[in-house]
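The values are calculated or read from the model by the stated rules, or taken from the named source; none is laboratory data. These figures come from a predicted structure and were not determined experimentally. Methodologically, a virtual Cβ is constructed for each residue, glycine included, from the backbone with ideal geometry; neighbour enumeration extends over all protein chains shown.
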Amino acid sequence: MLLDGGFGTELFQRGFPRGACPETWNVDRPEVVKEIHRSYFEAGSDAVMANSFGGSAIKLASHGQDKRCYELNRAAARIANEVKPRGRFVGGDIGPTGKFLKPQGEFTEAEFEEAFAEQAKGLCDGKVDFLLIETQYDLREALCALRATRKAAAVPVFVSMTYNRVPRGFFTLMGNSVLQCLRSWKRKECPRWAPTAPGQLGYGGPDQGHARNNRSSSDRPGQCREAFAFGRRPGLIFARDGGLSPAHSQDHRERSQHYRRVLRDES
């Protein structure tokens with residue numbers, strides 16, 4: 001399944017001020033947000049992500065917008081749905097809070113779960129088709145988000161982790177290994193998945209678990225920077241490049257069709 005790309009980059013190109021809160025444009029400038037979603041659908045994306053990556057109350061608090069969590073997330077989902085063609089999908093985008101759990105930080109797991117649950121409710125009331133908990137660098141936070149969204153939502157929930165390559169292998173910012181994450185998801189009865197990493201492509205196809213060097217989107221346009229395989233159907237692939245515009249989506253479309261052919265041949 002081909003997702004969209006660099007939503008933030010598209011916002012900046014349309015006059016969004018750096019340092020401001022992207023989610024506020026779901027209410028203040030909905031026509032701009034809608035235009036970006038439409039452009040990705042027209043370029044061939046199977047699904048777009050709602051403008052809600054930093055939409056948890058904890059993250060919004062850094063902009064003084066935490067009281068608007070439900071409003072902004074519901075608006076994010078509704079805007080994307082307004083331009084969704086038949087047979088396409090809208091995902092609710094749930095990024096990290098930007099804060100740390102105790103003892104490294106000041107927040108409890110209950111506080112994280114409360115924040116993620118409110119965000120998920122807004123997105124689901126706005127009629128997203130699925131939720132994507134993404135770019136997670138702390139397994140504990142990712143599990144908080146998973147627990148909260150499963151309680152608040154009746155839609156499929158997917159999770160991706162972000163890893164850094166070190167001499168001992170791939171680890172998150174908080175030191176979680178790929179194996180540790182795999183075991184945790186298995187205990188939580190999560191769908192089959194493949195890890196993602198900055199500048200790496202990992203997918204659940206023929207060479208699952210293999211990471212390809214793919215650091216620079218600008219140097220190598222059209223290559224999927226982030227891909228992750230989840231889902232209760234074997235071979236479901238989400239492919240997304242956070243650094244590319246709708247103009248490159250046709251190349252992404254061709255790549256996703258190639259993956260589908262390979263998976264079909266393997267089955």
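Things worth noting here:
- Residue in region 135-145 that is within 22 Å of D4 (Cβ to Cβ), of a type in the set (V, I, T) and in contact with a helix residue (DSSP H, G or I) (Cβ under 7 Å, 6 or more places away or on another chain) present: no
- Here D66 meets each of (1) under 20 Å from K121 (Cβ atoms); (2) in contact (Cβ under 8 Å) with a residue 24 or more places away in the chain; (3) not polar (S, T, N, Q) with one exception, condition (2).
- Residue list for region 129-143, restricted to those being more than 13 Å from the chain's Cα centre (by Cα) and crowded, with 22+ Cβ neighbours inside 10 Å: D138, E141, L143
- Per-region count, region 14-51, residues surrounded by fewer than 21 Cβ atoms within 10 Å (Cβ to Cβ), polar (S, T, N, Q) and touching a residue at least 60 places away in the same chain (Cβ under 8 Å): 1
- The set of residues from region 38-66 being assigned to a helix (DSSP H, G or I) and within 15 Å of F116 (Cα to Cα) comprises A57, I58, K59, L60, A61, D66.
- Top-ranked residue of region 144-172 - restricted to ones that are assigned to a loop (DSSP other than H, G, I, E, B) and either at pLDDT 90 or above or hydroxyl-bearing (S, T, Y) (or both), ranked as surrounded by the fewest Cβ atoms within 10 Å (Cβ to Cβ): P167
- Unmet requirement for A76, which otherwise passes all of (1) crowded, with 18+ Cβ neighbours inside 10 Å; (2) in a loop (DSSP other than H, G, I, E, B): (2)
- Only one entry in G105, G98, G175 is assigned to a loop (DSSP other than H, G, I, E, B) and under 16 Å from the mean Cα position of the chain (by Cα), namely G98.
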